[in-house]
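Enquirer: Mind looking over this structure? Questions follow.
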Amino acid sequence: MWLIIPLLVIVSIWLPVIRHYYVPNAQISDFTIEQARREPSESVLQALRRDRLLHHGWTSKQQVMLAAERLLRGELHVRGYAPIEFRLPFHPRNLTRGLPNVRLQVAGLVAVDLLLQAYELTGQEKFFIAARKSIVEFARYESRAYLPRGLLWSDHAVANRVFVLSDFWDIYRRHGDYQPEEARKILHLLARSGEMLAKREHFIFATNHGIMQNVALLRLRLSFPALPNAERYQRLAMERLGEQMAFYLNEEGVILEHSAAYQFFGIDLLKLAFRYIRLLELQVPADWQRKYTKALQFAAQLRRPDGSLPLFGDTTWRSRRSDPLEEKDPQRGVAPTAVRGAGPFDPIAWYPVAGYAVWWDGLERWPDSRHLRQTVVTFSLFPGHAHKLADDLSVLLWAGGHTWWTNLGSWPYGLRQRAVAESWNGSNAPHLIGESKDSQRTPRMLSYGSSGRIVMLDVAREGPEAYLARRQIIHVKPNMWLVLDSVDGKPGLRSMTRWMTGHGIILSQQETENRYLLETKDGSARLFTLFFGSPGLSLRTLATSLGPYLGDSVTSGKDPTVPAIEVEQRADGSWAAAVWVFDQDRTLALPDGAQPEMALWRGPEYWTASVPSQSSSLELNRRGDRFVVRDKEGAVLDAIALAPPRVANQRDEIRRAFLNAASKYPGFRDYPRLRRWSTYGLIVVAFVQELFFMTFARRIEQSRRPLRLVTSALWIIAGIGLFVILS
C-alpha cells in the first residue's frame, strides 16, 4: 500500500506530457470515407501535388530510384546525412535513429514520400504497397502512443504528414487495391494530425513552425473537406496567420528570423499559404501581399548570381537559391507579382528596423560575378524569434565571385560543432572573451549615410553588463573598406573579433605582423588586409578554424576548416580597425610597407585615419554627423551627412504583437531528459527505501508507521515540487 504514493509521484512526472499530447479520437464514418473519395475534385488535388515541408533531397529519377530500392532493403538515406537502418513497413525504433534532422524526416513520413515518388516514376506496385503498409502501421502506432518517441509529434513532422498523406490519398482513393478499413485508418491519422495542429498549446506562434502549422491546416481543408472540423481548421488558420503576420514579416519585407536562408523559406511558406487561400476562394489581405512583395525584394538583395547567400543566422553554406523568387503559373493559383528577378533592386539598401544593411557594387554588370561586390552588415536581434546566432554587428564580404570574410553559419543539430556555430566564435562580431551566446544585449543602428563614392554605417550593441561595442563600416567605392571597432566596458576585460575567411581562400601573413593577403586558389583575385589599433591590440593567425558547413562534409570526410585571424583588444576604451583593398585582376599595387594610421582619435565620433588605397592613400575624417574623404593632397573627394534612423515605434509595435501572441499561446516544454532521469532517480530511491524497511524490519517495528508517514510526506513534497517544475 505504501508504494502507491511513490508510484503516483512517478506517474505525475509524465501526466503533463500525456495531457499535452492528448487529442480526442475522431470518429470516421463510412459516409466520411466515401465523401473523401469523391471530394475534392481531381484537379484540386493535382494542383497540390509535390508541395512539401520536408524533403528527402534526391532530385533525379536515378537518385530517387536508388534511394527507394535501398529503403526496401532496410536503409533510409536522406541526402546530406549518413544512412540509417529503417524497418519496413514501420517500427517505432525508426523514430530514434540518426541525427535530429533525420529523425524529423522519419516522423514526417519522408520515407513514405520517397516510396510514393518512386511509384509515380515507375508504376511499380512494390513501392506503392510498401508505402501503404507503412502508413497503416504508422497510423496504428501513433493512435496508441501516450508519450512522444523521437520527434513523433513534432509540429513540423505532423504538418508534413498532411502533405504526404494528401498525395497518397489522391492515388489510393482510386487504386485497385483500395480497402475501406485501411482508408479509415488513414483518415483517422489525418484527423488526429489536424487536431494536433489546431490545439492551442501546440501552436508555435513565434516562428515559421506556426506558419507551417497554419499552411497544413489550410491543406487539410482543401484536400479533405469531409473531415470533421475541416471548416474550423480554415477559420483557425486564417486567424492565426493574421496574428503572426504582425511580427513574422515586417514592413521592410524582412522575415524576422535572423537568417538569410529562412528569408527564402519564409517566402516559400507564405507562397503556399497565399496559394491555398486563393484555392479556397478567399482573399489574401492587402497588407500581407504588400509585405510579401517587399520580402521578395529583400531576398533579391541577398541572393548572389550563383544562388549563394550570405551566412548570417541559421544559414548553411549549401543554401543556394537559383530558382525564381515568384511563382507565376496561374494554374497553380498564384497571381503574378511585378518583381524584377534579374538581380538586386538597389545598390544600397537599409533595413534599420529588421537590423540589416546590404550594399552592392557593379550592378550594371549583373550577373557577371567578376565585377560584383556585396557587403552585408547584421545588427538584428528580436528576442524569442527563431534562428538567432551570436553574430550581432558582423560584416560579410563577397566580391568577384568569392566569399572573403564570412560567418560560420549553421551546422546540423546533434553535432558538437553546432555549439561553436551558435557562439561568438562563429562570427566576426566583436564580443567579450567568454561571452555567452545568450547574453543580454541590445544591438541598434546609430547613423548611416551614402553618396556616389561613400557608404557608411555606424552600429552598436550594449551589454552584457557595461560592455559597449561600436562598429563603423565605411566603403569607399569601388574597392576599399574600413571596419572600425571601438569598445568600452569594465577594466580588465578583453574583447575579441574572429575574422573567418571563406572556403577556397588562401590566407598568408606579409612582411609585417598586421598585414595579410587573401588570395583565391587560382590566384585570379586577392584582398589586401591591414589591421591597426590602440595600445594593447594583439593579432593571432589560426591556420585551421572551423569553417562554414560544406553540405555533406560531415559524411564525406571533406575538411570543414578555414584559416582565420583573431583580433584581441582591451574592453575598456580601446579601438581596432581593419582595412580591406580588393584587387580583382591583380593590377593594384599596394606599396610595400604602406601602413594605416590613426592620426587623431577623440572617440568614435571624432577621428582621422590615413589608409592605403591602390597606389596612394586616403584620409578619412569623421566629425560628429559629417564624414569626409580626402586624397593625400588634402582635396575633398566626397562627403556625407550621417543621419539617425527612425525605428523605435515600428520595433515597439512588433514587440507588442509578439507579446500579445505569447500571452495567448503559452507553449509547453517537454523536458524529456529531466523527466527521464527524474524517473530513474525516483525508482532508485523507492528501491533503496523498501530495501531499508525489509532489512531493518525487526529493529524498527515500533517506528515503522511513523517512518512510513514521514517518507510518504517527503514523497508528496517531492512530487509537488517536480510537478511544478516540469509543468
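The values are calculated or read from the model by the stated rules, or taken from the named source; none is laboratory data. This is a predicted model, so every value here is computed, not measured. Quick reminder, even Gly has a Cβ in these numbers, built from the backbone with ideal geometry, and neighbours come from all protein chains shown.
Enquirer: Note down all Cβ pairs under 8 Å where the first residue falls in region 536-547 and is within 14 Å of S495 (Cα to Cα) and assigned by TED's automatic domain parsing to the domain that holds G492, the second is assigned to a strand (DSSP E or B) and among the hydroxyl-bearing types (S, T, Y), and they're at least six residues apart or on different chains.
Expert: From region 536-547, the pairs are G536/S574; L537/S574.
Enquirer: Now, a different point. For region 510-532, give me the residue count where each residue is of a type in the set (A, V, I, L, M, F, W, C) and part of a loop (DSSP other than H, G, I, E, B).
Expert: Going through region 510-532, the residues of a type in the set (A, V, I, L, M, F, W, C) turn out to be 517-518, 525, 527-528, 530-532.
Still in the running and part of a loop (DSSP other than H, G, I, E, B): 525.
Residues that pass the stated criteria total 1.
Enquirer: So which residues in region 239-260 are farther than 16 Å from R655 by Cβ and either in contact with a His (Cβ under 8 Å, 6 or more places away or on another chain) or polar (S, T, N, Q) (or both), if there are any at all? Walk me through how you get there before you give the answer.
Expert: Filtering region 239-260 down to residues farther than 16 Å from R655 by Cβ leaves 239-242, 253, 255, 259-260.
Within region 239-260, S259 is the sole residue that qualifies.
Enquirer: To continue, here is another question. So, Q35, is that one closer than 30 Å to G266 by Cβ and not in a loop (DSSP other than H, G, I, E, B) or not?
Expert: Working: closer than 30 Å to G266 by Cβ: no; not in a loop (DSSP other than H, G, I, E, B): yes.
It is false that Q35 is closer than 30 Å to G266 by Cβ and not in a loop (DSSP other than H, G, I, E, B).
Enquirer: With respect to A390, is the statement that it is in the same structural domain as L517 (by TED's automatic domain parsing), over 17 Å from the mean Cα position of the chain (by Cα) and at pLDDT 95 or above true?
Expert: Values: in the same structural domain as L517 (by TED's automatic domain parsing): yes; over 17 Å from the mean Cα position of the chain (by Cα): no; at pLDDT 95 or above: yes.
When the stated conditions are applied, A390 does not pass them.
Enquirer: Are any residues in region 258-302 more than 17 Å from L217 (Cβ to Cβ), crowded, with 20+ Cβ neighbours inside 10 Å and touching an Asp or Glu at 6+ places or on another chain (Cβ under 8 Å), and if so, which ones?
Expert: H258, S259, A261, Y262, Q263, G266, K291, L296, F298, Q301
Enquirer: Hey, any hits in region 665-676 for a residue that's touching a Gly at 6+ places or on another chain (Cβ under 9 Å) and farther than 30 Å from P604 by Cα? Give the steps one after another, and end with the answer.
Expert: Pass one, region 665-676, residues touching a Gly at 6+ places or on another chain (Cβ under 9 Å): 665.
With the extra rule that they be farther than 30 Å from P604 by Cα, the set shrinks to 665.
Scanning region 665-676, I find at least one residue that is touching a Gly at 6+ places or on another chain (Cβ under 9 Å) and farther than 30 Å from P604 by Cα, so the answer is yes.
Enquirer: What is the number of the single condition among (1) in contact (Cβ under 8 Å) with a residue 24 or more places away in the chain; (2) of a type outside the set (G, A, S); (3) outside any loop (DSSP other than H, G, I, E, B) that Q62 does not meet?
Expert: It fails just one condition, (1).
Enquirer: Can I ask one more? Quickly run through region 668-707 and pick out the residues that are among the basic types (K, R), within 40 Å of the chain's Cα centre (by Cα) and assigned to a helix (DSSP H, G or I).
Expert: Our first condition is that a residue be among the basic types (K, R); within region 668-707, this holds for 669, 673, 675-676, 698-699, 704-705.
Then keep just the ones that are within 40 Å of the chain's Cα centre (by Cα); that gives 669, 673, 675-676.
Matches in region 668-707: R673, R675, R676.
Enquirer: While we're here: So which of R103, R144, R149 ends up being within 29 Å of S29 (Cβ to Cβ) and either of a type outside the set (S, T, N, Q) or in contact (Cβ under 8 Å) with a residue 12 or more places away in the chain (or both)?
Expert: On the way: R103 fails: within 29 Å of S29 (Cβ to Cβ); R149 fails: within 29 Å of S29 (Cβ to Cβ).
Matching residue, one of R103, R144, R149: R144.
Enquirer: Moving to a separate point now. Would region 579-597 turn up any residue that is over 22 Å from R526 (Cβ atoms) and either assigned by TED's automatic domain parsing to the domain that holds S545 or within 39 Å of the chain's Cα centre (by Cα) (or both)?
Expert: yes
Enquirer: Pick out, from region 442-486, the strands (runs of 3 or more DSSP E) lying fully within it that include 1 or more residues that are under 28 Å from S617 (Cα atoms), in contact with a Gly (Cβ under 6 Å, 6 or more places away or on another chain) and not basic (K, R). Working first, answer last.
Expert: Numbers: elements: 442-450, 454-462, 468-476.
Counting at least 1 such residues, we get 454-462.
Enquirer: I'd like to know if region 565-577 contains one or more residues that are part of a loop (DSSP other than H, G, I, E, B), free of Cβ contacts under 8 Å to residues at least 40 places away in the same chain and of a type in the set (A, V, I, L, M).
Expert: Here is the first cut: in region 565-577, the residues part of a loop (DSSP other than H, G, I, E, B) are 571-573.
Subsequent filtering for residues that are free of Cβ contacts under 8 Å to residues at least 40 places away in the same chain retains none.
Taking every residue of region 565-577 in turn, none turns out to be part of a loop (DSSP other than H, G, I, E, B), free of Cβ contacts under 8 Å to residues at least 40 places away in the same chain and of a type in the set (A, V, I, L, M).
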